[in-house]
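Novice: Dumping the structure here so I can ask a few things about it.
The values are calculated or read from the model by the stated rules, or taken from the named source; none is laboratory data. Since this is a predicted model, take the numbers as computed values, not measurements. Counting neighbours? That spans all protein chains shown, and the Cβs are built from the backbone with ideal geometry, glycine included. Each accessible area value is taken on the protein alone, full model and side chains, heavy atoms only, with ligands, DNA and RNA left out. Shrake-Rupley method; radii C 1.70, N 1.55, O 1.52, S 1.80 Å.
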Amino acid sequence: MENHKIRVAITQGDTNGIGLELIFKTFAEPEMLELCTPIIYGSPKVASYHSNVLQTQCQFSIISNVKDVRDGKVNLIPCFDEEVKVEFGQPTNEAAVAGVKALDRALADSREGRYDVLVCGPMNSGVVQMKPFNFPGTVKYIETSIGEGQKAEPIHLNDILRVALATEGSVKDIALTKELIVEKVKTLHNSLKRDFNVSTPRIAVLALNPVAGIEEKIIAPAIAELAESKIQVFGAYQADEFFSQRKYDAFDAILAMHHDQGLLPLRMLSDSKSTILLANLPLVCSIVDCDAQHQIAGKNIADEAILRNAIYVAIDACRNRAHYDEPMQNPLPKLYHERPDDGEKLRFSIPKKREQKEN
């Protein structure tokens, strides 16, 4: 972000899905190019095919690397040479692998600091089987590539809620520990301060029903330990009462115990398109919170708001991190030097001075 607009790398996603449609519709609006400089990672031939089918107004410039990026243009970096057959609506392995190759090239550039934020287009990771890609899903793939040993923590958010999950699985697959909850809340707390500019975050922790004893044995002790660390965390709240009584209005974020408990309310309580921000990584990264949506691909009916929101979230987090980290980069030196305690020396010297005066 030195002397240029924020550079936003965007991966095309599954080539048979809606990713490129979202990109073209988003940057057909001139205001978006005033906000940031997009760098699309994908295939020019695939992009041209999508553009012709959809009759979009968005034009893109093909560049060989990020050094050639131009502000005010939609820049596109080719990520592979081989031909990819576009079959709208078909979840093929070839289309998914093309999306992974685009992500792989974008992550390689990120390690050299070639752009400011990464926004990942919609993927269907379950169909990727072609070697050399052993694709475990977008989050895990990004974490392994740039995490530097840190675990990525997805934060799901829209206009009213921010939700993190203690575990990604369903309620029957949960293996909770006190240490896990403490770690999750601390990561969420740090992200709220650094990525969302919340000075004193308030975090709600949901109870795990209908598993008896979990709250008393695991969740409550974790909350007590976090409170001792001066983190404002509260709970455990019964999920049904918490959402039906709008208790979430009093909090900056929520830690839910599993997928359905946190994400169903997130998507049902607001019409706003949700986004995933990956906390705890050196690179600001957001993910479009949907799959490739093959059922509507090529029909020109996809809602670009889902990508636009992901871009906004990433840009805001980038600016907030810069603002948060700036005072830490050049701390002021100490204005004083610690001196040894002279108390004993002074205490014994005083009587001597008095004795001299009396003589």
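Novice: Criterion first (at pLDDT 95 or above and touching a His at 6+ places or on another chain (Cβ under 9 Å)) does L277 satisfy it?
Specialist: yes
Novice: Quick check on the stretch 36-73: of everything there that is among the hydrophobic types (A, V, I, L, M, F, W, C) and assigned to a loop (DSSP other than H, G, I, E, B), which residue is nearest to I6 (Cα to Cα)?
Specialist: That would be C36.
Novice: Which one is farthest from K85 (Cα to Cα), of the residues in the stretch 45-56 that are surrounded by fewer than 16 Cβ atoms within 10 Å (Cβ to Cβ) and out of contact with any Asp or Glu (no Cβ under 9 Å at 6 or more places or on another chain)?
Specialist: Ranking the qualifying residues of the stretch 45-56, first place goes to Q55.
Novice: List the residue pairs whose Cβ atoms are under 8 Å apart, where the first residue sits in the stretch 107-133 and is modelled with pLDDT of 95 or more and part of a helix (DSSP H, G or I), the second is of a type in the set (A, V, I, L, M) and surrounded by fewer than 16 Cβ atoms within 10 Å (Cβ to Cβ), and the two are 6 or more positions apart or on different chains.
Specialist: Final answer for the pair search is none.
Novice: Restricting to the stretch 190-207, give me the number of residues that are assigned to a loop (DSSP other than H, G, I, E, B) and either in contact with a His (Cβ under 9 Å, 6 or more places away or on another chain) or touching a residue at least 24 places away in the same chain (Cβ under 8 Å) (or both).
Specialist: Result for the stretch 190-207: 7.
Novice: Could you grab me the full set of residues in the stretch 261-294 that are open to solvent by 40 Å² or more (accessible area, probe 1.4 Å), over 20 Å from the mean Cα position of the chain (by Cα) and under 21 Å from T138 (Cα atoms)?
Specialist: Correct list: Q293 only.
Novice: Quick check on the stretch 82-95. Is at least one of its residues open to solvent by 30 Å² or more (accessible area, probe 1.4 Å), in contact with a helix residue (DSSP H, G or I) (Cβ under 9 Å, 6 or more places away or on another chain) and of a type in the set (G, A, S)?
Specialist: no
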